[in-house]
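These notes concern the structure reproduced below.
The values are calculated or read from the model by the stated rules, or taken from the named source; none is laboratory data. The model shown is predicted, which means the values in this text are computed figures rather than measured ones. FYI the Cβ positions are ideal-geometry reconstructions off the backbone, even for glycines, and counts take in every protein chain you see.
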């Protein structure tokens, strides 16, 4: 009986671990990526000093999900520190081990 309980617990843990794994990038319910288009909701912050040294802003969706941003289309500086919804396109600019940079095409505060 004890062996059966231990085996069941191990099986439950394994199923839980496997179900949290997905192929590709996992996104939250407030993020949608389709091709090069990104729509996401989060807090806009200024990008500090990084190892990859590009982009001026970052959108923090959660503690494990954030996007590096620039904008040639709209002035986003006045939204820093606010909870916003952005629409952006993938610039296909990325250095080794750095994140993909997105160009914000629209922004609105919540």
Among the residues of the range 98-110, is there at least one that is touching a strand residue (DSSP E or B) at 6+ places or on another chain (Cβ under 7 Å), in contact (Cβ under 8 Å) with a residue 60 or more places away in the chain and part of a loop (DSSP other than H, G, I, E, B)? yes
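For the range 35-52, name all the residues that are surrounded by fewer than 20 Cβ atoms within 10 Å (Cβ to Cβ), within 16 Å of residue 90 (Cβ to Cβ) and under 16 Å from the mean Cα position of the chain (by Cα).
Result: 35, 36, 37, 39.
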With the condition kept exactly as written, say whether any residue in the range 89-99 is within 14 Å of residue 44 (Cβ to Cβ) and within 17 Å of the chain's Cα centre (by Cα). no
Do we have residue 55 as at positive phi, in a loop (DSSP other than H, G, I, E, B), at pLDDT 90 or above and surrounded by 14 or more Cβ atoms within 10 Å (Cβ to Cβ) here? yes
